[in-house]
Structure formats: C-alpha cells, structure tokens
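The values are calculated or read from the model by the stated rules, or taken from the named source; none is laboratory data. What you see is a predicted model; the values in this text were computed from it and never measured. A quick note on method: Cβ atoms are made from the backbone with ideal geometry, for glycine too, and the neighbour counts reach across all protein chains shown.
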Amino acid sequence: MLTREQLYDVEKLQKEVEVFDKIELKLNWDLLRDREADHFDFLHYENNELIAFIGLYPFGSTVEVTGMVKPRERRKGQFTKLFKKAMKSANKIGYKKILLNAPSTAREAKDFLKKQKAGYSFTEHQMRWEPRPLTVSSSGFNLRPTERKDADLRIQLDMLAFDLSEEDALANESNIINDPDTDLFMIEVNHKAIGKIQIYIEDNEAWIYGFSILPEFQGQGIGSKVLRYLVQEQSKKGYSVHLEVETTNTNALGLYKAVGFTISHAQDYYIYKKA
C-alpha cells in the first residue's frame, strides 16, 4: 500500500512526464489509492526524489503494467532494472497474460517495448463527450442500482461483451462490487434485467464503464437511449463525461461517436512474453 508521500511523488512525476512527452498516462488512480498489497507498485528513488515508477494492475488472470521515468534520467538503466523486478514479481504471482500499456504517441515507450520483444495486442480509445443538444428519452427502459441477485447476469455480460474468461469475469465482479466510488446500475426492459452500466466519479469527471447489453436485445436502440440519458444526467451535475473503448469494438465506437463522444487519447497494449 502506497503512503501519502509516495502517492504525491507518483502524481508529481506523472505530471512532469505528461507535460514533457505531451501524452496522458493511464495510472488507474482508483486502484493506486486503494492497494491491499505492496507487491503491485515499484518505485526507484535517488536523493529522496522519485525517478521511476511501475504499477501492476491485476484483473483476474491478466495483469496490466504501466510505467514512467523522469525525462532527465532516461537511458541510464534505472527503469530497465525496475521493469525486470516488476516482471519477476508478476511471473511469481502466475498471471496468464501480462499486458504492457503505453500511450499511442509515446515514442520512447515504444522503443522500450520493442527491446522487450513485446507484441502489439490492441488499442484502447479514451473518449470525451463534447457538449451538444441531445434527444433524450427515458421511456422503454429502467435503470436501477445493482443487487446481489444480479451477479450471475453481470458475469455473463462481461464474458459476452468483453470476451473475458469466467475466471476474469468473476474477479472483475468481485473488485467492482466492493468499490465505494463506483455506481453500478442494471438496465431493465419490461421489468427484466438485460444489461448493465457503471459510473465512476473523479476530479469532476464522470467515467462510464462496463456498458453492455445482452445480444438478443441489441440493435433496438436501447443502448443509445441509456447512453444519452446518462450523459445528460452527468452533464447536468457539472461533470465532463468520459469512457473507454477498444478499437476492435466497432459497434460501440460508432454508438459513442453518434452521441457526441470524440477520441481524446489512445492507449496501446502489448503482450509481454514470459522469460
């Protein structure tokens, strides 16, 4: 678990790196602030100054890895040593898949990934809603808070919509259901739960995650209605509205663009082959 001072140092380094490289790092601050173990974060200090950081973010049998190093301290080997230490820990835990994350425009990060012989897997777009008039209707569906009885359906939806294994879907459900900062909703049609959506609020930003609808109810305009309704509700509260989507999910990407979301950043993921 990171101390308050360490969290401050990580945030300070993040800001310096983002300004220098003109990128946006994905450090998953909701997870960083709520660590339950010490073996997920790796920090390298010199003269009481944080030089490099690597974070491991487990999602079931998969772990995502994000790192950064102080601009003036690059190409000196510190980050490589820290990376080897992090990978040793990940291999010891026994994750089936290790995904290395880097902003799409981070050239030095891409050079490092090539040296690690990591293979490209997919790109994830971070999107932001650009305020515009919306045609909103709350008829034809109902949103209600998630209950324990919804667990099986939520797991099924994660497996269908996000191609998760049952093991990873179970782990994801366990993590998200215990997150006090995330609001979980079920989407109902005619009093039957047919989908789910969740909202995470941080720094005046509303992030939409886990949006999924059973296949037999897709193509009926339900998803568009739900999304428009939630976007309007969060916007009225003064939040900017954001979401993430993989580039391979063309149907979702098209829906989000139609509602007014534009791509703000892109994150590339690479598969790390275990030594």
If you go through region 61-86 one residue at a time, how many are of a type in the set (K, R), more than 16 Å from E46 (Cβ to Cβ) and surrounded by 15 or more Cβ atoms within 10 Å (Cβ to Cβ)?
0
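Just to check your reading of the model, which residue among L13, L27 is closer than 15 Å to A86 by Cβ and not aromatic (F, W, Y)?
L27
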Would you tally the residues in region 174-219 being outside any strand (DSSP E or B) and either more than 15 Å from the chain's Cα centre (by Cα) or crowded, with 19+ Cβ neighbours inside 10 Å (or both)?
14
From the list K26, K92, K15, which one is more than 21 Å from the chain's Cα centre (by Cα) and among the charged types (D, E, K, R)?
K92
Mind counting the residues in region 84-125 that are within 13 Å of I271 (Cβ to Cβ) and in contact with a His (Cβ under 8 Å, 6 or more places away or on another chain)?
0
Give me the pairs, please: first residue somewhere in region 29-58 and not assigned by TED's automatic domain parsing to the domain that holds N91, second residue anywhere and basic (K, R) and buried (at least 16 other Cβ atoms within 10 Å of the Cβ), beta-carbon distance under 8 Å, and either six or more positions apart or on two chains.
none
Run down P133, P103 and say which single residue is under 30 Å from A258 (Cβ atoms), of a type outside the set (K, R) and at pLDDT below 95.
P133
Hits in region 93-134 - residues which are in a strand (DSSP E or B) and either over 28 Å from E205 (Cα atoms) or among the small types (G, A, S) (or both)
K97, I98, A102, G119, Y120, S121
Out of (1) surrounded by 14 or more Cβ atoms within 10 Å (Cβ to Cβ); (2) in contact with an Asp or Glu (Cβ under 8 Å, 6 or more places away or on another chain), what's the single condition that is false for P145?
(1)
Which listed residue is of a type in the set (G, A, S), out of contact with any Leu (no Cβ under 8 Å at 6 or more places or on another chain) and outside the structural domain of F112 (by TED's automatic domain parsing), from G195, G254
G254
For the subset of region 237-259 comprising residues that are among the hydroxyl-bearing types (S, T, Y) and part of a helix (DSSP H, G or I), which member is surrounded by the most Cβ atoms within 10 Å (Cβ to Cβ)?
Y256
